[in-house]
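Each remark here refers to the structure printed beneath this line.
Bear in mind these aren't lab numbers, they're just calculated from the coordinates by the rules spelled out. It should be emphasised that the depicted structure is a prediction, and the values quoted were computed from it without experimental measurement. Here the Cβ positions follow ideal geometry from the backbone for every residue, glycine too, while neighbour counts run over all protein chains shown.
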Amino acid sequence: KRPPTRMTTTGGGRRVESSGMSASAPFGSAKRPEELLSLSFNQDSGCFACGTDGGFRIYNCDPFKETFRRRFDSGGIGQVEMLFRCNILALVGGGRSPRYSPNKVMIWDDHQSRCIGELSFRVEVRAVRLRRDRVVVVLEHKIYVYNFADLKILHQTDTVANPLGLCALSPTQDSTVMACPGLNKGQVRVELYDLGVTKFISAHDGELAQLQLTLDGALLATASEKGTLIRVYDTATATLMHEFRRGADRATVYSIAFAPGKDFLAVSSDKGTVHVYVVPERASA
């Protein structure tokens, strides 16, 4: 079910009407190279989206090809969050001249080439996560969860300072799991919404650098700012299942990704390497 047209919601859940917005024509010949502002994969990693200082582009992974692009003459898109392969995306303005305020999440319908919803906040939006029934907005010290159909607020939680916008959301309909920083350094908060249960995991001594869930939300992988160890936890029990060493030297972990079957885990870092680990079904000794 698609969210209603012209609906906006503030951080506190108050809804007001917004004016419609339209996109300019697709890219023509570029006068200058566009600056890449963000890159994010969709929920099943079959596509990825690039936000630029002139719009956004969508690419298919296999076979690799550009699917479409949109150019906005009036500014840049700092964040693009896809909803699988459908026409609905979440956009946040960015760059030197943002198309939209960095304090807003715009729900974009590419079939209509316009925004059909808006979420406004008092501070900059750090990240957005989507699933078919939820919109999750990450601020530096707070996370809001909305119902996608009407943009009504469902849940909110406080976090430790989260400038990276760390948050993971399981995309499958079978389970609704969200992982985000807790209120203490190195702590992860896991919301098992279907069970009405919250788990807290003391994942690392240092600040969190990355976290990621499997598609079903059963496993959580984390890395700290030190970047030498990757830990995998069972979200239902908060039990440490595996610990993988990325290296002996400090590194900034850029991304963590599980394979769809949960049997492999990939980690990229500023060392210019990608480590791929086999994830056993049973916990490591």
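At-a-glance table
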quantity: Enumeration of residues in the range 168-183 that are assigned to a loop (DSSP other than H, G, I, E, B) and within 18 Å of Ala223 (Cα to Cα); calculated: Gly182, Leu183
quantity: Of all residues in the range 225-250 being surrounded by 15 or more Cβ atoms within 10 Å (Cβ to Cβ) and among the small types (Gly, Ala, Ser), the one that is nearest to Arg189 (Cα to Cα); calculated: Ala238
quantity: Candidate set: the range 106-130, residues that are within 15 Å of Glu140 (Cα to Cα) and part of a strand (DSSP E or B); chosen: the one farthest from the chain's Cα centre (by Cα); calculated: Ser120
quantity: Conditions (1) crowded, with 21+ Cβ neighbours inside 10 Å; (2) farther than 23 Å from Leu213 by Cβ: number failed by Val128; calculated: (2)
quantity: Hey, Gln156 surrounded by fewer than 16 Cβ atoms within 10 Å (Cβ to Cβ) and either in a strand (DSSP E or B) or on the phi > 0 side of the Ramachandran plot (or both) or not; calculated: yes
quantity: For Pro260: the one exception among (1) within 23 Å of Leu164 (Cβ to Cβ); (2) surrounded by 11 or more Cβ atoms within 10 Å (Cβ to Cβ); (3) of a type outside the set (A, V, I, L, M); (4) out of contact with any Phe, Trp or Tyr (no Cβ under 8 Å at 6 or more places or on another chain); calculated: (1)
quantity: Qualifying position, being farther than 26 Å from Gln156 by Cβ and buried (at least 22 other Cβ atoms within 10 Å of the Cβ), among Val276, Val253; calculated: Val253
